[in-house]
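What follows is a set of notes on a single structure, which appears directly below.
The values are calculated or read from the model by the stated rules, or taken from the named source; none is laboratory data. Only a predicted model underlies this, so the values are computations on that prediction, with no experimental measurement involved. Using ideal geometry, Cβ is built from the backbone for each residue, glycine included, and neighbour counts are taken over all protein chains shown. We work out accessible area using only protein heavy atoms, side chains counted, and drop any ligands, DNA or RNA first. Shrake-Rupley method; radii C 1.70, N 1.55, O 1.52, S 1.80 Å.
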Amino acid sequence: MKYFIANWKMYVGRADAVMLAEIARAAKTAEGVQTIVCPSFVHIDAVGRVVSGSAVVLGAQDAYFESSGAFTSAVGIKELKELGVSHVLVGHSERRRYFGETDEAVNKKVKAAYAGGLQPVVCVGETEQERTAGQTESRVSAQVRTAFQGVSVKKVIIAYEPIWAIGTGKASSSADARAVHQLIKQIVKETNGSQCSVLYGGSVTPDNMHEFWNTTDIDGVLVGGASARKETLSSLLALLSF
Ligand code: PEP
């Protein structure tokens, strides 16, 4: 299975979210390709109505680890499931950076997602500074190990998203990404023994998508900006049809 995940972040209003969902629904994708769209919480119901009954499935951009209670503004796994969500991004670098999400919180969210029947897509990646200091492997290893501590499941999905590549127009080379994907797969094999898919994210566009999509050990892509504009989303989806 290969995954195409569209993360619309806080980029679009309701009408545009619906329009993007219609584009995703209409796209012809090859067998073995799973398209997952992640609107903001407030558009999940509207987008869900558009993709309902199609091959496109719904993802959320985050979820809280507590199941219910006095947690103003938080959204829980059960609420997402009620809306038809099947996947949830956990530990996106923007959550870590702007909302103080720690590796430990990511671990709690991963456990809560599995316990509640959602497939987490765990985002990991190093900063520019860590990369320059030669710390990519140690940082990513630590993130993966902590995220899956105490987790024993059949299926793991991880998105390797170097922070310096997110929204910057400076994508990783497919060779560099592949090396990190191999490392992640090795760690998951040793620690969890789970089946593991690793997606690449960071400035994927219609121009470089083909390269990532066709590189061994890259099991799909997580796309932000280019998935939130109708022209580029259409071009990206067109590449999934063969
Ligand atoms: C993302 O938000 O996960 C992402 C990869 O963003 P972009 O494609 O805009 O770099």
Starting from the range 215-234, keep only residues that are without any contact (Cβ under 8 Å) to a residue 40 or more places away in the chain, then list their pairs with residues that are more than 7 Å from the ligand (Cβ to nearest atom) and among the charged types (D, E, K, R) whose Cβ atoms are within a distance under 8 Å, requiring at least 6 positions of separation or different chains. 216/178; 217/178; 217/185
If you go through the range 206-221 one residue at a time, how many are open to solvent by 10 Å² or more (accessible area, probe 1.4 Å) and not polar (S, T, N, Q)? 7
For the range 109-138, enumerate the residues that are buried (at least 18 other Cβ atoms within 10 Å of the Cβ) and either of a type in the set (Asp, Glu) or in contact with an Asp or Glu (Cβ under 9 Å, 6 or more places away or on another chain) (or both). 109, 112, 123, 124, 125, 126, 130, 136
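With respect to residue 121, determine if the residue is within 15 Å of the ligand (Cβ to nearest atom), in contact with a Pro (Cβ under 8 Å, 6 or more places away or on another chain) and at pLDDT 95 or above.
So residue 121 does not fit the description; no.
To keep it simple, each residue is scored yes or no on (1) free of Cβ contacts under 8 Å to residues at least 24 places away in the same chain; (2) open to solvent by 50 Å² or more (accessible area, probe 1.4 Å); (3) over 14 Å from residue 119 (Cα atoms).
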site	(1), (2), (3)
3	no, no, no
14	no, yes, yes
23	no, no, yes
34	no, no, no
48	no, no, yes
54	no, no, yes
88	no, no, no
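Does residue 224 count as modelled with pLDDT of 95 or more, in contact with a Cys (Cβ under 8 Å, 6 or more places away or on another chain), within 16 Å of the ligand (Cβ to nearest atom) and open to solvent by less than 20 Å² (accessible area, probe 1.4 Å)?
no
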The residue that is farthest from the ligand (Cβ to nearest atom), considering only those in the range 82-104 that are part of a helix (DSSP H, G or I) and under 17 Å from the mean Cα position of the chain (by Cα), is 103
Please work out which residue is nearest to residue 4 (Cα to Cα), limiting yourself to the range 194-205 and to residues that are free of Cβ contacts under 8 Å to residues at least 40 places away in the same chain and open to solvent by 10 Å² or more (accessible area, probe 1.4 Å). 205
